[in-house]
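> Attaching a single structure in structure tokens format; questions to follow.
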Amino acid sequence: MPANMKGIIADTFSRMVQHGNIDKITVKALIEECHISRQTFYYHFQDIMDVLEWSVQQMTQHLVEESLKAADMRSALQVFISFSVEHFPMLQKLMDSQRRAQIEQIMIDAVSAYLAGIAKNQPRTISGNYMDLEILLRYNACGLVGVLLAYGGKANLDQDRLTLQLEKILSGELASWNEA
């Protein structure tokens, strides 16, 4: 058995999603495509949802790691925007599936991890108690995921402009409705 069987199963699952309906992928179809036994599958995963969650978590973890390596917020946002544009067909299939709620939550958690990481490195501190900071983090994570899903598939998307707009929002430069 290959050392990275979990990765092989997840990669096969991702290929199957790209070419079909995610809701129609079964354990049986996946193990046939992987040429593995049912026992091997269940050694690594509990069910199809477990494969999906693990795959999305791996993808978002890599994305967060790349964004945290970026020199500044603008570069990090470009990582997220480029990813959403490049992978939009797959993201759209995931969002159109019955698993949308779970996938959105994984994405929001990943963006929250990124935002928490950059917040730790900010020279100034945000005033407020822990609950205030948590809600601010969650609000921005939900907003960022929503914007990436809404704009990632637009054919004429100006990625640089969207990056600047998101940077203004996250930096607080564009923070109030009554200043607009």
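> Take region 150-161 and flag every residue that is within 19 Å of I108 (Cα to Cα) and modelled with pLDDT of 90 or more.
The answer is A150, Y151.
> Something else about it: Return yes when F80 is of a type outside the set (K, R) and in contact (Cβ under 8 Å) with a residue 60 or more places away in the chain and no when it is not.
Considered against the rule, which asks whether it is of a type outside the set (K, R) and in contact (Cβ under 8 Å) with a residue 60 or more places away in the chain, F80 comes out as yes.
> Return the pair list, or none, for Cβ contacts closer than 8 Å from residues in region 154-170 that are under 14 Å from L144 (Cα atoms) and among the basic types (K, R) to residues that are outside any helix (DSSP H, G or I) and open to solvent by 40 Å² or more (accessible area, probe 1.4 Å), at least 6 apart or on different chains.
Final answer for the pair search is K168/L174.
> Next question. Tell me the helices (runs of 4 or more DSSP H) entirely within region 1-109 that contain at least 3 residues that are polar (S, T, N, Q).
It comes to 5-19, 48-69, 73-86.
> A further question follows. Can you find even one residue in region 50-71 that is closer than 24 Å to R161 by Cα, under 11 Å from the mean Cα position of the chain (by Cα) and surrounded by fewer than 19 Cβ atoms within 10 Å (Cβ to Cβ)?
Within region 50-71, none of the residues are closer than 24 Å to R161 by Cα, under 11 Å from the mean Cα position of the chain (by Cα) and surrounded by fewer than 19 Cβ atoms within 10 Å (Cβ to Cβ).
> Still on this structure, please answer the following. Just wondering, is there one or more residues in region 111-118 that are modelled with pLDDT of 80 or more, open to solvent by less than 60 Å² (accessible area, probe 1.4 Å) and farther than 29 Å from M16 by Cα?
Scanning region 111-118 turns up at least one residue that is modelled with pLDDT of 80 or more, open to solvent by less than 60 Å² (accessible area, probe 1.4 Å) and farther than 29 Å from M16 by Cα.
> With respect to the numbered conditions (1) among the aromatic types (F, W, Y); (2) touching a residue at least 12 places away in the same chain (Cβ under 8 Å); (3) surrounded by fewer than 19 Cβ atoms within 10 Å (Cβ to Cβ); (4) more than 23 Å from I25 (Cβ to Cβ), which one is the sole condition not fulfilled by F88?
Evaluating F88 over (1) among the aromatic types (F, W, Y); (2) touching a residue at least 12 places away in the same chain (Cβ under 8 Å); (3) surrounded by fewer than 19 Cβ atoms within 10 Å (Cβ to Cβ); (4) more than 23 Å from I25 (Cβ to Cβ) leaves (4) as the failure.
> Between a first residue in region 26-55 that is over 11 Å from F13 (Cα atoms) and a second residue that is open to solvent by 30 Å² or more (accessible area, probe 1.4 Å) and in a helix (DSSP H, G or I), which pairs have beta carbons less than 6 Å apart while being 6 or more apart in sequence or on different chains?
Cβ pairs passing all conditions: H44/K6.
The values are calculated or read from the model by the stated rules, or taken from the named source; none is laboratory data. This structure is a prediction, so every number in the text was calculated from the model and none was measured. No Cβ is skipped: glycine too gets one built from the backbone with ideal geometry, and neighbour counts run over all protein chains shown. With ligands, DNA and RNA removed, areas are computed over all heavy atoms of the protein, side chains included. Shrake-Rupley method; radii C 1.70, N 1.55, O 1.52, S 1.80 Å.
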